[in-house]
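Read the structure below first, then the notes.
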Amino acid sequence: MPVIDSHHHFWRYSDEEYGWIPPDWSALRRDFLPEDLQAEIAAAGVDGVVSVQARQSLIETEWLLEHAARHDFIRGVVGWLPLVDADIEAHLDRFAAHAKLRGLRHVLQGEPDDAYMLRPDFERGVRALTRRRLAYDVLILERHLPNAIVFADRHADATLIVDHVAKPRIAAGELEPWSKNIRELARRPHVACKLSGMVTEADVRTWTPESLRPYFEVVLEAFGPGRILFGTDWPVCLAACGYARWKETVETWITPLSPAERAAILGDNAVRLYRLP
C-alpha cells in the first residue's frame, strides 16, 4: 500500500512572492525544498508526494518539474499554465512532454471574479488539459461551490480534484452552506476531494482533531473512500501542526474503515486519479 501525500508545496521564500503568508505565520517564512520534505516523509512513513504549484508562473512549473526529475519520491506535479491564453495548446504540448506533469491548478480563490472558472477562455483551457488526460485541481473557497457545481457539470469528462475540502469556515464553526454544497458537488462521480488544508482554516492555535471531525465526516459521506485523497498542505500546515501530526489525525479518522478503504484514501486514489508512476 503506497502512502502518497497528494498535496504539498516547495518554495524559496521572499516577501514579494509569498505576501499571502500572514505575519504571525513566521514558521513559513523560510525556504522549503526537497531535502526538507524528504526528511519529513521518511519520519512519517510516506512513500511519495505530489508537488503543487504555489506561484502562477511558467517558471514555477519548470522548477517543480526539475525537482521531480531529480527526486524519485516526487511522483507527480500539479503545475500552472495560463489556461486563458490563446496559446494554451502550445503550452500544453510543451509541458505535457514531461512524464511527471500530472495536473494543473489556478488560484481561483484569489480571483476578484467568483465566476472566473466559468469564463469561456478558461473553460477552453480546461478542455485542452482534459484531452491530454491531465487532472485539474480546483482551489476555491466555500462561497465558490455553486459555481464549481456548474463548472463540474460542464466538464463531465475531466478529472476534477477539490483542494482543501473547498475551505469551509472552520474557525467560525460553520458547516452550512458548505455541507449542502459540497454534498451536491460530490454527486458528480468525476469529482474527488483532498483531505488537506483544514488546520489552517481552523484556529491554528486551538484546533483539535475532534473540532475538525464534523467536516471530515461530511466529506467521507459525500465522496466515499474511493474519491478522497490524503494531503498535508506542507509547509502551510506548519502554521498549525507538524507533518506527522496531520497524517496521524487522518489515520485516526479512517481507522473504522476497511483496509482497502484506508489504502484508497492514503495513496491508491492519488495513484489512480493522477495516474502516478
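Just so it is clear, none of the values below were taken in a lab; they were calculated from the coordinates. What you see is a predicted model, and the numbers here were worked out from it, not measured in a lab. Positions of Cβ are generated from backbone atoms using ideal geometry, with glycine treated the same way; all protein chains shown enter the neighbour counts.
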Condition first: surrounded by fewer than 21 Cβ atoms within 10 Å (Cβ to Cβ), over 17 Å from the mean Cα position of the chain (by Cα) and hydrophobic (A, V, I, L, M, F, W, C). Can you find one or more residues in segment 7-18 that meet it? no
Gly79 meets each of (1) surrounded by 20 or more Cβ atoms within 10 Å (Cβ to Cβ); (2) touching a residue at least 40 places away in the same chain (Cβ under 8 Å) with one exception, condition (2)
Taking only pairs six or more apart or across chains, which ones have beta-carbon atoms under 9 Å, a first residue in segment 82-98 that is surrounded by 13 or more Cβ atoms within 10 Å (Cβ to Cβ), and a second residue that is assigned to a helix (DSSP H, G or I) and among the hydroxyl-bearing types (Ser, Thr, Tyr)? Val84/Tyr116; Phe95/Thr61; His98/Thr61
Of all residues in segment 156-169 being surrounded by 23 or more Cβ atoms within 10 Å (Cβ to Cβ) and among the β-branched types (Val, Ile, Thr), which is farthest from Gly103 (Cα to Cα)? Val165
Among what's in segment 65-79 and is closer than 23 Å to Ala43 by Cβ and outside any strand (DSSP E or B), pick the residue that is farthest from the chain's Cα centre (by Cα). Arg70
Restricting attention to segment 159-173, which residues are in contact (Cβ under 8 Å) with a residue 40 or more places away in the chain and assigned to a helix (DSSP H, G or I)? Asp163, His164, Val165
Output the number of residues of segment 126-155 satisfying the condition of being surrounded by 21 or more Cβ atoms within 10 Å (Cβ to Cβ) and free of Cβ contacts under 8 Å to residues at least 12 places away in the same chain. 0
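Which one of Trp234, Trp246, Trp207 is within 26 Å of Leu28 (Cα to Cα) and in contact with a Cys (Cβ under 7 Å, 6 or more places away or on another chain)?
On the way: Trp234 fails: in contact with a Cys (Cβ under 7 Å, 6 or more places away or on another chain); Trp207 fails: in contact with a Cys (Cβ under 7 Å, 6 or more places away or on another chain).
After ruling out the rest, the residue left standing is Trp246.
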